[in-house]
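K.L.:
Below are the structure tokens for one structure; questions will follow.
The values are calculated or read from the model by the stated rules, or taken from the named source; none is laboratory data. Quick caveat: nothing in here was measured; it's all calculated off a predicted structure. Ideal geometry is used to build each Cβ from the backbone, glycine not excepted, and the neighbour counts take in all protein chains shown.
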Amino acid sequence: MDTTTALFYVFSAVLLFSGFRVITARSPVHAALFLVLAFFSASCVWMLLHAEFLAISLVLVYVGAVMVLFLFVVMMLDINLDLLRQGFWKHFPVAGLVGVIIALEMAWVLQRGFNVPDPKPMPGAETVPNTKLLGIEIYTDYLYPVQLAAVLLLVAMIAAVALTLRRRKDVRGQNPSEQVKAKKADRLRIVKMDAVRELPSQPAAETTAPAADAAKGKA
């Protein structure tokens, strides 16, 4: 057994163990960290298969972005695991049956995938980088599947945005479009007023007459 084969078995064992711990860990944070370990092990296996571009993409995209988002969401939500585990054994037979069916389907598909004829070597493939060969295969032989996957990802992105755009009555928010349309005349009105207002002066006879009438009434 050479070094490459030994490393393949080591990384494969770590990948299987971390994948098993993802679904059996009691803490969601630990499950996410085991998933990160599974991604690293899978990228190491791809490096042994001389698929450097896929290995680097797996580390950058999933480990560097997706798993950080998973950890952020899990730690922010503060999920109550006791409520999630209620009724686990009640639904375990149905879930086990579905898992066995999916495993058999994956085994059937993978078995058919191994029985493929040897591909014809591309002329000059020894001097072409691995990433360029992958791009040539994707955009020539697998162009329609790539376009279909792009459409599905676009639909999923639009659906995610539509699901999050829900109006809540208990949250106050600002409308940036209305703030941009605001003008000074709509928010402030300037009124010119005199600083001091003079009272009109009354004659002396008019001011003493009511007092004389009041004195006569008392008499």
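K.L.:
Among the residues of the stretch 24-64, write down those that are exposed (fewer than 15 other Cβ atoms within 10 Å of the Cβ) and assigned to a loop (DSSP other than H, G, I, E, B).
P.N.:
ARG26, SER27, LEU49, HIS50
K.L.:
For the stretch 50-68, which residues satisfy the criterion of being of a type in the set (A, V, I, L, M, F, W, C) and either closer than 11 Å to THR131 by Cα or without any contact (Cβ under 8 Å) to a residue 24 or more places away in the chain (or both)?
P.N.:
Here is the first cut: in the stretch 50-68, the residues of a type in the set (A, V, I, L, M, F, W, C) are 51, 53-56, 58-61, 63, 65-68.
ALA51, PHE53, LEU54, ALA55, ILE56, LEU58, VAL59, LEU60, VAL61, ALA65, VAL66, VAL68 - these are the residues of the stretch 50-68 that are of a type in the set (A, V, I, L, M, F, W, C) and either closer than 11 Å to THR131 by Cα or without any contact (Cβ under 8 Å) to a residue 24 or more places away in the chain (or both).
K.L.:
Quick test for you: out of LEU133, LEU153, pick the one residue that is at pLDDT 85 or above and on the phi < 0 side of the Ramachandran plot.
P.N.:
After ruling out the rest, the residue left standing is LEU153.
K.L.:
Now, a different point. How many of the residues in the stretch 70-97 are within 18 Å of the chain's Cα centre (by Cα) and either modelled with pLDDT of 80 or more or surrounded by 10 or more Cβ atoms within 10 Å (Cβ to Cβ) (or both)?
P.N.:
The qualifying residues number 7.
K.L.:
Turning to a different aspect of this structure: Does ARG21 satisfy the condition of being assigned to a helix (DSSP H, G or I), under 29 Å from the mean Cα position of the chain (by Cα) and among the charged types (D, E, K, R)?
P.N.:
yes
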